[in-house]
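The values are calculated or read from the model by the stated rules, or taken from the named source; none is laboratory data. The model shown is predicted, which means the values in this text are computed figures rather than measured ones. Here Cβ is always computed from backbone atoms with ideal geometry, including for glycine, and neighbour counts include all displayed protein chains. What goes into the accessible areas is simple: the full protein's heavy atoms, side chains included, and nothing from ligands, DNA or RNA. Shrake-Rupley method; radii C 1.70, N 1.55, O 1.52, S 1.80 Å.
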Amino acid sequence: DGINLDPALLLGGSLNLSNDLLLTCIIGAVVIGVGQGMVVRTQATTGGTDIIAMLLQKYAGIKFSTGIFLADCVVILSGLVVIGSGWVLTLYSLITIFICSRVVARVIDGASYDKLLFIISDENEKLRTFILEDLERSATFIKARGMYSEEEKDMIFLVVDRKEVHAVQRKVQEIDPKAFFVVTDAYDTYGEGFKPFPEAGAIQAQ
């Protein structure tokens, strides 16, 4: 029934997206990305461009989310050339498939919540005790040398869950207020206490 597809009648008419094409694209991209990601996670396929993305990953080494974005781009740009769908709709379509590819990657791999910490301090033994006994994690000492002072020190290399960052930050401040403390995102973390290594041939979302 065509009336059910009217964007002004979504949720019984309580949500009208007929004049907000960008928001419609975002919502549609998220819904499609979640659904497609869930299908691919089960090692299945929707029978669409995800098959091309899998082939691109297998034979060209292109990550799955990039492959699906490229495949959809070809379809959309072909429609622009053949049908003449117009640049405005084409740009909205490109925005949609880009968001969709990011959502697919997140659904397949899951969002990374790990943080990578670099700590340079004169109180490494106290920090070592805190990390091993209180935080119940392990870390690595990396040899470092100051560019200006040329002084050699041991730098702590530590990966933690994002919820643990503030606890480490407070403890470092308590133990050594003059410490140098850097926090950055860990894109993927594999090994004991974190994610298992992917099996050979597994889909690499991004």
message = Under 8 Å for C-alpha pairs, at least 6 residues apart: give me the relative contact order for the stretch 49-172, rounded to a whole percent.
response = 19 percent
inquiry  = Taking a ≥ b ≥ c as the square roots of the Cα gyration tensor eigenvalues, with a/c under 1.5 meaning rounded and otherwise prolate when a/b beats b/c, else oblate, which class fits the stretch 29-86?
reply    = oblate
ask   = Given a Förster radius of 25 Å and the C-beta distance between residue 167 and residue 142 as r, what FRET efficiency does 1/(1 + (r/R0)^6) yield to the nearest 0.05?
value = 0.70
query = What nm distance separates the two modelled labels at residue 45 and residue 149, each placed 7 Å from Cα along Cα→Cβ?
reply = 5.9 nm
task = Whole number in Å², please: accessible area per residue of the stretch 115-169, 1.4 Å probe, ligands, DNA and RNA not counted.
result = 70 Å²
note = Label model pair residue 74, residue 134: point-to-point distance (7 angstrom along the Cα→beta-carbon line) in nm is 5.6 nm
ask   = If ligands, DNA and RNA are left out, what is the accessible area of residue 92 with a 1.4 Å probe, given in Å² to the nearest 10?
value = 70 Å²
request  = Note down the accessible area of residue 25, probe 1.4 Å, to the nearest 10 Å².
outcome  = 20 Å²
note = Quick note, the stretch 64-184: a/c under 1.5 would make it rounded; otherwise a/b > b/c is prolate and the rest oblate (a ≥ b ≥ c, C-alpha gyration tensor); here it is prolate
In sequence order, calculated HN-Hα J values of the stretch 46-63 (Karplus, 6.51, -1.76, 1.60; Hz; x Gly/Pro) = 7, x, x, 5, 5, 5, 4, 4, 5, 5, 5, 5, 5, 9, 10, x, 8, 4
